[in-house]
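As structure tokens, the structure follows; a few thoughts come after it.
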Amino acid sequence: MSRTPCESNDDPLIRIRDLRFAYPGPPHDRFTLTIDELDIAPGEHTAIIGPSGSGKTTLLHLIAGILVPESGSIDLAGKPVSRLADERRRALRARTVGMVFQEFELLEYLHALDNILVPLRVARSLRVDAEARARARDLAASLGVAHTLRRRPSRLSQGERQRIAICRALIARPSLIMGDEPTGNLDPASATTALDLLFEQARDHEATLLVVTHNHAILDRFERVIDLPALVHAEARA
Amino acid sequence: MSDLLYLSIRHALHHRVRTAILTLALSVALFLPAIVQTLTVRYETALHARARSTPLVLGARGNRYDLVLSALYFRLSDLEPIPYRALTDLVQQRMGLAIPIHLRFSARGVPIVATSHEYFEVRNLQPARGHLPLRLGDCVLGASAAARLGLAPEDTLFSDQKDAFEIARPPALKMHVVGVLAPAGTPDDDAVFVDIRTAWLLEGLMHGHAPAGSADPRMVMGEIDGNIVLNSAIRELNEITPENAASFHLHADESDLPLTCVLFFPNSDKNATIAKARANTSPTQQMLVPAEVVDDLLAFVFRIKGFLDLIALTLGACVALMTVLVVMLTVRLRAGEMRTLNRIGCARRTSLALHAWELSLILAAAVILAMLAVALAHALLPDLIRTL
């Protein structure tokens, strides 16, 4: 498993310029996100805060290349992700980004261990080997879900599902770990453990950590906190 | 590829009811045309092989299919008999080999085929155990018949009693099993073979009883030209033994005795033409080319096959449409999963490959299932040729 490093340590891992994004819909009733400038350095641990609907998840998806901006540019690990073709964005995402989704998005037909290994199974540049399995088990053990590895998602609690989703985000040793409310469904103790693991993984692999959260109690653990409404000109035009 | 195959297998197994229904539906759609096609080919081959191995059949005028099916496949029917002289005439003309066939009786449901020794040579039938029937009342069993009846050489077999309440009929004959033929894969496997004279015994045209001279005087009706005439109270023998064999005799001119048909193997095409021409000018007899009759029969079978093919095609189209519907629904149901895979970084063609792999797995399972079903059907279905 390899990481895609930035071209040099001085270059930001994420570089956003003159970003403008709007969801499809009638012009008078659509959400628009604009960001003039945002850089996030390699290895930086950043939290994004803001009220619901302020565009936090949208920003993560834009950075990951899941969404494409109308204009402006987003560079990820030195690659112009906003201008890449869909297949190349997917490949870059598979190599570079590990993402914990708000709704976990585990696959019901796979047990927990296979869910953790999914990114390695579907990415052409990655593969499942004994080392990957061992790593999946280690990650699960670190988050206290080693006993759930043979269970299907429907037989896991909300907290267990979230921890399996975190393991899945970390399995490919991504250089950018993104979390969309990764501790939102966890009790305080589990949330602390999950955050500890995210930070530990980010530190161990010099990965950048970008977390969307509503939990202000954890903000002091981040090197940088971005208040999205203050940064962007997000406007819902009536 | 193995990872995608693994994911596809997991998905198919997770939705096992859907997978099973789809596999079953597809396998039925594949099985039906396959079984119709293979059985048609199998029966066509078997029918043609048997028909081609018998150049000509002589029998009474009437239904040509009945005559050929009786002569070749031993299907019991009420064909008018032809006299034994029809055979002796052919033999005297020295135009080929004529083999008598008498087919009217059965033993425990198995047709009794009365014929001559030449029949076994022509059909290349060899006894696997025992020997061929040499004496009156002896019989040799086809391999399947022996297995079904559970008989072996030195056992005995009673003929089926026809018209049980007809007192003029002879009693059931106790036949001695003297041999079992090696399997031939033809209708010969399901027959009981006896000498042609045994058939006449079964007909009641030949019989054995105690000598008339020593009969109870009350049974003596009179004397004609030095022959003692006994009444019907005389007890006929129903088993031929070395001791009583000499007492069996005919009460008719042998040339008038009945045959079902004669298999004729002409020496040349010219002799075949002459024999056919002579026979077909007779108002009571016909000589047929079995291959031609079978071709006619198969033409009818192929018309039915065309209809079955149409049904199979319709069924296949329905299953194909159903499969498309299931696939479309599956794609919709898996939209969330595909969105997740997209977000993880799965290539679009990998997502498509996941669908394709699963469909291929189901198709492969359906093909294997259909092939197994065809093989099973071939093994278990009764051989229609042998049971025509």
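The values are calculated or read from the model by the stated rules, or taken from the named source; none is laboratory data. Values in this document were obtained by computation on a predicted structure and should not be read as measured data. All Cβ positions, even for glycine, are placed from backbone atoms using ideal geometry, and neighbour counts span all protein chains on display.
Computed values, structure above
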read-out	value
Spans of helices (runs of 4 or more DSSP H) in segment A:70-176 with at least 2 residues among the basic types (K, R), at pLDDT 90 or above and within 19 Å of B:T350 (Cβ to Cβ)	A:86-96
Odd one out for B:S268, checked against (1) hydroxyl-bearing (S, T, Y); (2) within 25 Å of the chain's Cα centre (by Cα); (3) over 18 Å from B:R85 (Cα atoms)	(2)
Any hit, segment B:19-27, residues being surrounded by 18 or more Cβ atoms within 10 Å (Cβ to Cβ), over 23 Å from the mean Cα position of the chain (by Cα) and under 30 Å from B:V294 (Cβ atoms)	no
Meets criteria (of a type outside the set (A, V, I, L, M) and buried (at least 22 other Cβ atoms within 10 Å of the Cβ)) for A:F31	no
Residue check, A:R173 within 14 Å of another protein chain (Cβ to nearest Cβ), in contact (Cβ under 8 Å) with a residue 24 or more places away in the chain and among the charged types (D, E, K, R)	yes
Failed condition for B:S8, given (1) touching an Asp or Glu at 6+ places or on another chain (Cβ under 7 Å); (2) at pLDDT below 90; (3) within 14 Å of chain A (Cβ to nearest Cβ)	(2)
Selection from segment B:262-300 of residues that are aliphatic (A, V, I, L, M), touching a helix residue (DSSP H, G or I) at 6+ places or on another chain (Cβ under 7 Å) and over 23 Å from B:Q92 (Cβ atoms)	B:A291, B:V293, B:V294, B:L297, B:L298
Residue satisfying condition, being under 20 Å from the mean Cα position of the chain (by Cα) and either within 25 Å of A:F101 (Cβ to Cβ) or modelled with pLDDT of 80 or more (or both), within set B:L298, B:L384, B:L321	B:L298
Residue among B:T323, B:T314 that alone is away from every other protein chain (no Cβ under 14 Å), loosely packed, with under 13 Cβ neighbours inside 10 Å and part of a helix (DSSP H, G or I)	B:T314
Residue match in segment A:99-108 (condition: of a type in the set (S, T, N, Q) and either surrounded by 23 or more Cβ atoms within 10 Å (Cβ to Cβ) or within 10 Å of chain B (Cβ to nearest Cβ) (or both))	no
Of the criteria (1) more than 14 Å from chain A (Cβ to nearest Cβ); (2) surrounded by 17 or more Cβ atoms within 10 Å (Cβ to Cβ); (3) not in a helix (DSSP H, G or I), which one B:P283 fails	(2)
Subset of segment B:230-248 [within 34 Å of the chain's Cα centre (by Cα) and not in a loop (DSSP other than H, G, I, E, B)]	B:E239, B:A245
Only listed residue being surrounded by fewer than 23 Cβ atoms within 10 Å (Cβ to Cβ) and of a type outside the set (K, R), chosen from B:P133, B:P127	B:P127
Top-ranked residue of segment A:204-223 - restricted to ones that are in contact with a strand residue (DSSP E or B) (Cβ under 8 Å, 6 or more places away or on another chain) and of a type in the set (S, T, N, Q), ranked as surrounded by the most Cβ atoms within 10 Å (Cβ to Cβ)	A:T208
Enumeration of residues in segment B:340-360 that are of a type outside the set (G, A, S), touching a residue at least 24 places away in the same chain (Cβ under 8 Å) and within 14 Å of another protein chain (Cβ to nearest Cβ)	B:T350, B:L354, B:H355, B:W357, B:E358
Contacts under 9 angstrom Cβ, first residue in segment B:264-288 being of a type in the set (V, I, T), partner part of a helix (DSSP H, G or I), 6 or more apart	B:I274/B:Q93
Test: A:R89 is within 14 Å of another protein chain (Cβ to nearest Cβ) and not β-branched (V, I, T)	yes
Enumeration of residues in segment A:12-69 that are among the β-branched types (V, I, T) and more than 14 Å from chain B (Cβ to nearest Cβ)	A:I14, A:I16, A:T32, A:T34, A:I35, A:I40, A:T46, A:I48, A:I49
Check on B:Q161, among the polar types (S, T, N, Q), touching a strand residue (DSSP E or B) at 6+ places or on another chain (Cβ under 9 Å) and farther than 19 Å from B:R197 by Cβ	no
Residue match in segment A:194-203 (condition: in a loop (DSSP other than H, G, I, E, B), modelled with pLDDT under 90, under 17 Å from the mean Cα position of the chain (by Cα) and crowded, with 20+ Cβ neighbours inside 10 Å)	no
First in segment A:115-142 and under 19 Å from B:L341 (Cα atoms), second anywhere and modelled with pLDDT of 90 or more and of a type in the set (F, W, Y), Cβ under 9 Å, 6 or more apart	A:R121/B:Y6; A:V128/B:Y6
Hits in segment B:82-112 - residues which are outside any strand (DSSP E or B) and crowded, with 17+ Cβ neighbours inside 10 Å	B:Y84, B:A86, B:L87, B:D89, B:L90, B:M95
Answer from B:L7, B:L32 - the residue that is farther than 16 Å from B:T330 by Cβ, touching a helix residue (DSSP H, G or I) at 6+ places or on another chain (Cβ under 7 Å) and outside any loop (DSSP other than H, G, I, E, B)	B:L32
Leading residue by the ranking (farthest from A:P174 (Cα to Cα)) among those in segment A:52-69 that are in a helix (DSSP H, G or I) and without any contact (Cβ under 8 Å) to a residue 60 or more places away in the chain	A:T58
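Residue by residue, here is whether (1) closer than 30 Å to B:V293 by Cα; (2) in contact (Cβ under 8 Å) with a residue 24 or more places away in the chain; (3) more than 14 Å from every other protein chain (Cβ to nearest Cβ) holds:
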| position | (1), (2), (3) |
| --- | --- |
| B:L4 | no, yes, no |
| B:R16 | no, no, no |
| B:T45 | yes, no, yes |
| B:R64 | yes, yes, yes |
| B:L67 | yes, yes, yes |
